[in-house]
Amino acid sequence: MVKPDNSWKIVEETSLIVEPIELSAIPTAIASDGSLSIADYCQNSKFGKLLPDAFYIHVLALHILDPWLQEYESRARSVAPQVQGATLVKFSTNKAKISYLFYPDFDTDPHPALRASIQVDLETREVGYRDYSDSANPPILHRKETFVTPDYPFYEQFAALTRTQEALGLLHNTRGIGTREGWEKRLQAYGVEIQGHNLIQRQIANTANLTPKIERHKAAIIRSDLSRPVRLALESGLFSPETNFFDYGCGHGGDVTRIAEQGYISNGWDPYYSPNTPRTPGEIVNIGFVINVIEDQSERREALIQAWELTQKVLLVSAQVLIADSRRGVIAFGDGVITNRNTFQKYYEQEELKIYIDQVLGVDAIPVALGVYFVFRDEAEAQLFRSSRFRSRASTPRIRACVKRFEEHQELLAPLMAFMTERGRLPSKGELSQEAEICTEFGSLRRAFSVIIQATDSEEWEAIAEKRRQDLMVYLALCNFSRRPRLGQLAPAVQDDIIGLYSTYKQACIDADQMLRSLGNTELIIKRCQESKIGKKLPNSLWVHISALQSVDPLLRLYEGCASRTIGRLEEANVIKFHIKNPKISYLFYPDFDIDPHPALSKEMTIDLRDLHVTYQDYDLEDDPLILHQIDALVTPDYPQYEKFVKLTRQEEDWGLLDNWRSIRRLSGWKQCLKENCTIVNGYRLSWCKDADPYKLKLLKNAVNTRKKRKNVSHAEKDTCLGGFPDLCKVSVAQSHREEE
């Protein structure tokens, strides 16, 4: 038994006759033989709360765990049958111990107190019991929804409370809030209290009936560059030389000044900083981070409507979302919070923001980035913008034959080749500015293109046309999530694409619908991920660099499009993760992807396609960040530094550095791996440590040579297979795989 102290009560000792536990069947925290560890099993669970050294889950969710983990828990239960009635099960991930935690008020108390715990040591079969019923300051729970599955009766109630608490910053610093007294102090400091599962503002003497004076102008910040929505509009090509820009709620006027400096007509109005400037119409109107600082809901709605009324072409709407940087010292007010600077902030969920814009303006807003939406006046312009976002990259076919007439007019034919590459079809009348000149020389665009085909490869042009057909399918399939437009509502260029690449618009829609229905086939998605020629394949996911997205299978592009069309991508994201087991898409940001051979993860946004719930994590302050390996697998061969990436990966494989990828996922594990292998990473090359032990270095170098020989043998067997000995190849490769395992 565990040695008692003043806070422990020992259960009555009983003589339990239990089947001895085979310690060899219990994995350690890090299995040396490459098998899964307790931590691995826990980490692979879809549900439950994972902490650095423990994994917690509700007893009613035990059935969803891996069968091995269920068996592991049942052995602990056999040692301590008195655990019946426990609420949570705690798996230690670095010791062979399981604890049973009793929270009798789990369903009714928003932050239930721990009543008792039973700990089972699976190695010694000792059972410890601790009683908290008389404690004045017991441990309490937060984020209750993380312990249960989404079908738990009170899941949504638990999750809603957590979102509200995150919005206030109550959970931002977890130190000190793990006990009842610490939590109550936090609530008192923030001026709030919890009734049931609702968070309310505490009534303050003498000011209970007073509406606080919000100083909205303090929310305006002085920028050193263009704001995010305006910069995105510029990058998206929405500005033309004659564009008239108007900033509704311009604050200090930074966007107005910088847009004017770029040669556009630019004006702005602000109720505090520029109240006398007339509110005039503009082709592009920006209401940037305005609606989230207006505490009055009717006034907030009116501001959005007024900005829309001034819009002639496209309205840029942006607001704060997700609260990645919760602030201290805020109190609940209305549907948002009051900050310690006496400003109001309404933090939206990304989908909530879209619904709000759509309902107020009666539109279908287009997500461009986190918290940023574009709203077009002309439906055709909106569809043209949507379709352009799903057009994959294609290269103009190379010249392969010497054709005299092509060589004589190559410069004249270049614009036609560029158009064909971009659209996959011949230009319609008036689409190509050089049309008259080309027709004068060749008689028609079609005859001109026949000359181009003679000098190039017709199959490459057909591949481009097929790629553009797939682009259209993805676009039309995603249109079905709102309201697919009629052919006449599409921009003329898109209409011509459909007519030129499909027999009819109806047939294009039928193909798109069939493709969309394929998303419901989980096995097909898994198969496409596993068979993808592009991307890094892991057991439960496919990782692709953003530059390679347009080159992946069209069904996977549609899969990602379901997330980005409705929610938008994380603006800075440069890696996309396709989840296989669950319908989720994650957008990852590695700031040093192009300069660090093993870049650290900075930000991550995950979209659950079942309910469009968005989770966001910022890793910038992580002491031991997650890092990326084998980055060559994420990009295509035409990526600028592809050859350097490939050479480094091959060298790391030969040196055995990537053999245990679970242990090198974080920076500390990678550094340890390098240290153990006497290795230094110099740019994109490896070198041996100069001060390494000579004998150890000799063993490591011998191991490298062995791996290289094995790899050469494997390649030779593949060549033999191609040379007409497939059966021998299969046997040899299988034997090689067994040796590697």
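The values are calculated or read from the model by the stated rules, or taken from the named source; none is laboratory data. Here the structure is a predicted model, which is why all the values come from computation and not from measurement. Ideal geometry is used to build each Cβ from the backbone, glycine not excepted, and the neighbour counts take in all protein chains shown. Surface accessibility is based on the protein's heavy atoms, side chains included, excluding ligands, DNA and RNA. Shrake-Rupley method; radii C 1.70, N 1.55, O 1.52, S 1.80 Å.
Numbers at a glance
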item	result
Of 360, 67, 609, farthest towards positive along the dipole that unit charges on Lys, Arg, Asp, Glu beta carbons give the chain	67
Inter-part distance where region 369-390 and region 626-666 are each reduced to a Cα centre, Å	37 Å
Value of relative contact order over the chain, rounded to a whole percent, pairs C-alpha under 8 Å and six or more apart	6 percent
Peptides ranked, highest mean first, by Cβ atoms within 10 Å: ranges 370-378, 260-268, 75-83, 285-293	285-293, 370-378, 75-83, 260-268
Read-out Rg and Dmax of the Cα atoms in Å, derived from the coordinates shown; its label in [x] 32.8, 110; [y] 29.6, 105; [z] 31.0, 103	[z]
Among the listed pairs 537/690; 49/97; 537/696; 647/701; 49/581; 537/644, those beyond 24 Å (Cα-Cα)	537/690; 537/696
In Hz, Karplus ³J(HN,Hα) per residue of region 267-274 (6.51, -1.76, 1.60; θ = phi - 60°; x = Gly, Pro)	9, x, 10, 8, x, 10, 8, 9
Accessible-area composition of the chain, carbon plus sulfur, in percent [1.4 Å probe]	49 percent
Accessible area in square angstrom per residue, the chain, 1.4 angstrom probe	51 Å²
Solvent accessible area, Å² - residue 409, 1.4 Å probe, full protein context	40 Å²
Estimated [θ] at 222 nm from DSSP helical runs (n ≥ 4, -39500 (n - 2.57)) normalised by residues in the chain, nearest 500	-11500 deg cm²/dmol
Protection proxy ranking of 467-479, 229-241 - average other beta-carbon atoms within 10 Å, highest first	467-479, 229-241
Region 394-472, dipole about Cα centre (Lys/Arg Cβ +1, Asp/Glu Cβ -1), debye to the nearest 20	200 debye
Packing rank of 612-622, 248-258, 412-422, where each peptide gets the mean count of other beta carbons within 10 Å, highest leading	248-258, 412-422, 612-622
Region 538-592: trypsin sites (Lys or Arg not before Pro) in DSSP coil with no more than 16 other Cβ atoms inside 10 Å	581
